[in-house]
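Derivation of every value follows stated rules applied to the coordinates shown; laboratory data play no part. Note that the coordinates shown come from a computational prediction; the quantities given were computed from them, not determined experimentally. Cβ coordinates were reconstructed from backbone atoms using ideal geometry, including for glycine residues, and neighbour counts include every protein chain displayed.
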Amino acid sequence: MLFITIQDLETAINYWRSQSPAVGEELHLCPEAAALAKPYALMIVQGAQRLPIEVLDETARLAIQNFLSNTQAN
């Protein structure tokens, strides 16, 4: 079972925000950052340091996987 840490989620959110900055008067996050924001917030509230990647919804899982593949290649 693969786990993702809260630090990884934070870094991934920041990565996606830099790739696609928030837009509009409401400053909507890009879909990838928005998908990762919910599990990140839940981890903060619950005091969790890591969670199984399998509990992420499909959008969040793809966002974290794409982040990891894009950043680990560099």
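Brief remarks follow.
- Among A63, A41, A12: highest mean-square fluctuation, GNM of the chain, C-alpha pairs under 10 Å: A41
- Only one of [x] 107; [y] 84; [z] 95 was calculated from the structure for volume of the Cα convex hull per residue in Å³, and its label is [y].
- Annotation: the residues I44, I53, sorted from fewest to most other C-beta atoms within 10 Å of their own C-beta, follow the order I44, I53.
- Estimated FRET transfer efficiency when R0 is 35 angstrom, pair E25-T71 (beta carbons, to 0.05): 0.70
- Across the range 40-57, rounded Karplus estimates of 3J(HN,Hα) from the backbone phi angles (6.51 cos²θ - 1.76 cosθ + 1.60, θ = phi - 60°) give 4, 5, 4, 5, 5, 4, 7, x, 7, 9, 7, 8, x, 4, 5, 7, 6, 6 Hz, Gly and Pro being marked x.
- Charged neighbours of L56, selected by a Cβ distance under 14 Å, balance to -2 (K, R count +1; D, E count -1).
- The C-alpha atoms of the chain define a longest principal axis, and helix 58-72 lies at about 90 degrees to it.
- Just checking the listed ones, L62, L42, L27: in the Gaussian network model of the chain with Cα springs under 10 Å, the one fluctuating most is L27.
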